[in-house]
Amino acid sequence: MAAPWEDVLRNEAAVQEAARVAVDAALLAGVLMRTESEPNASDVVNYAPFTLFPSAVPSALFEQAYAVQQDFNLLVDAISQNKEFLERTLASTIKVDDFTARLFRIYMQVLEEGLAQSVFLGINRSDYMFDCGVDGTPALKQIEINTIAASFGGLTSRTAAVHGQVLKVLGKSKEASRILPNNPSKGLALGIAKAWELYGSTSAVVMFLVEEVQRNIFDQRCVENELWNRNIRVIRRRFRDVFEKGSLDDARRLYMDSQEVAVVYYREGYVPKNYDQQNWEARLLLERSRAVKCPDIATQLAGTKKVQQELSQPGTLEKLLPGSDEAVARIRATFAGLYSLDVGEEGDKIAAMAIADPDQFVLKPQREGGGNNLYGEELRQVLEKIRDSPERTSYILMDKIKPQPAMNYLLRAHSPLQVSECISELGIFGVYVRQGKEMVMNKAAGHLLRTKAIEHADGGVAAGVAVLDTPYLV
């Protein structure tokens, strides 16, 4: 998949000039992150890491990823409403994975009490790589679907303009004009605004639930500003604030500092380190409330790796999406090989297969946020250690996707400019809103391309491994 600027990659003077233009363009456009040394201060910021050139993406696979997103939205929503499926699928995992177990306990407690929430908002991002098969033909294969705190919809809305400027400076205006417009922050805000409207109180606020360390605040501000532009009030609070100041009235309306909260948009709460006992209590308070949670806890559970693996089993999709044969076929076409490590003869065989040939697989724990997966020798060592223990059921095994690398420059603050062999991952943002049983909104809301050097097996932008990119369709 050659891009039309291969010639420039070997022209050092042109690359140096393009990099200077690119960094200034990123700062001008607001492709920003706070610094590691001052993660909660906006008076010292730098550009978020990004590629110097857009990366070539096969247009047929790009279109396929967009075409299946509404199907994935419907699937995630169907899973979140299916107590029996979640109970059965996560039964082995919650015995050995404390984090998933605690989420599940809250889920069951809220169901037993009866849901106060009647409007449901999903913001997810389905991530793919382009697998080069034996014959070299690239195929779209899903890595995972993120159902909580799917990030970079804001910054990626601003990255395309930066790459367009770089191409113009390199005398490639025609190519620059072919870069697709992309504004996920607007699409995500439309979903939040719709949920806020259906909640039915014009004086209620949207609450962004945010982390203690907020390096990626500008990404969130892009979505936040879209809401302010619609005259929807936004507040930013942490779990700690909810524990100290959050309350429910008799109708289970949620109040923060005496302000009614219509929508809780989680940008926090997806990994175990986000929780101490107080934070778990705050999470329960939020889940019990009438406020629209994005995601509610059932939707967060729908995004677990164990659910992803179960979806690949024959007949599962058909049960979850009855009468939707075309949607099922579109979804299934994106699946890579996924294998259960549950205790029993089948799981024993799978574990032995991976130990014998670890380079063909990825071992995935039930975690979000990047940087958790195991590969190669490390995969083999961990599996050998836990192969006879129930602990192995807290992981799933997946075929390793093998994309075709391409050359690019990864621009990072205070790092030398050098060419790298890179691979990319495409994410499609999906937004849906359901009121009772009626689906009110279901759309693909934009895309995110992240690229990293091939020596890094795992990790996204927030983890400091991948960088922001823009697809150039070929």
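Numbers at a glance
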| item | result |
| --- | --- |
| Simple label model, 7 Å out from Cα along Cβ direction - Glu6 to Lys385, nm | 4.4 |
| Accessible surface, 1.4 Å probe, highest first, among residues Thr35, Thr334 | Thr35, Thr334 |
| Cα shape, the chain, gyration tensor, a/c 1.5 rule | oblate |
| At most 16 other Cβ within 10 Å, DSSP loop - trypsin sites (Lys or Arg not before Pro), the stretch 184-255 | Arg230, Arg233, Arg252 |
| Accessible area expressed per residue, the stretch 60-196, with surrounding protein chains retained (probe 1.4 Å, Å²) | 37 |
| Selected from Ala22, Thr93, Pro54, residue furthest toward positive end of dipole (the chain; charges at beta carbon) | Ala22 |
| Shape category assigned to the stretch 80-176 from the gyration tensor of Cα positions, a/c cut at 1.5 | prolate |
| The stretch 174-236: C-alpha gyration tensor shape, a/c 1.5 cut-off, then a/b vs b/c | oblate |
| Under 14 Å, Cβ to Cβ, from Lys95 - net charge with Lys/Arg +1 and Asp/Glu -1 | 0 |
| 222 nm mean residue ellipticity, helices alone, for the chain (DSSP H n ≥ 4; -39,500 (n - 2.57); rounded to 500) | -11500 deg cm²/dmol |
| All lysines inside 21 Å of Lys364 as judged from Cα atoms, apart from same-chain residues fewer than 8 positions distant | Lys95, Lys141, Lys273, Lys305, Lys306, Lys349, Lys385, Lys400, Lys402, Lys452 |
| Total formal charge among the other residues, if their Cβ is under 11 angstrom from that of Leu32, Lys/Arg +1 and Asp/Glu -1 | +3 |
| At R0 = 35 Å, FRET efficiency that the Cβ-Cβ distance of Val21 and Lys273 yields, to 0.05 | 0.35 |
| Solvent exposure ordering (accessible area, 1.4 Å, most first) of Met108, Met439, Met398 | Met439, Met108, Met398 |
| Residues Glu87 and Asp249, FRET efficiency given R0 of 35 Å [Cβ-Cβ distance, rounded to 0.05] | 0.65 |
| Share of carbon and sulfur in the accessible heavy-atom surface of the chain [1.4 Å probe, %] | 48 |
| Dipole in debye (nearest 20) - the chain, about Cα centre, beta carbon charges: Lys, Arg +1; Asp, Glu -1 | 1080 |
| Share antiparallel - DSSP beta bridges, the chain, percent rounded to 5 | 80 |
| Cut-off under 5 Å, modelled amide H: who pairs with Met256 long-range | Val261 |
| Area of Asp388 that stays accessible when all protein chains are in place (1.4 Å probe, Å², to 10) | 150 |
| Gained length - Asn40 relative to Asn231, 0.36 nm times residue gap less alpha-carbon distance | 66.1 nm |
| Net dipole in debye of the stretch 90-174 [+1 Lys, Arg Cβ; -1 Asp, Glu Cβ; about Cα centre; nearest 20] | 600 |
| Simple Cβ-charge dipole of the stretch 149-264, Lys/Arg +1 and Asp/Glu -1, about Cα centre, in debye nearest 20 | 660 |
| Dimensions (Å) - the stretch 338-400, Cα atoms, principal axes, largest first | 31, 21, 20 |
| Solvent-accessible area of Val328 with every protein chain in place, 1.4 Å probe, in Å² to the nearest 10 | 10 |
| For the stretch 338-400, accessible area per residue (1.4 Å probe, heavy atoms of protein chains only), Å² | 48 |
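The values are calculated or read from the model by the stated rules, or taken from the named source; none is laboratory data. Here the structure is a predicted model, which is why all the values come from computation and not from measurement. Methodologically, a virtual Cβ is constructed for each residue, glycine included, from the backbone with ideal geometry; neighbour enumeration extends over all protein chains shown. Note: accessible area is taken over every heavy atom of the protein model, side chains too, but ligands, DNA and RNA are not part of it. Shrake-Rupley method; radii C 1.70, N 1.55, O 1.52, S 1.80 Å.
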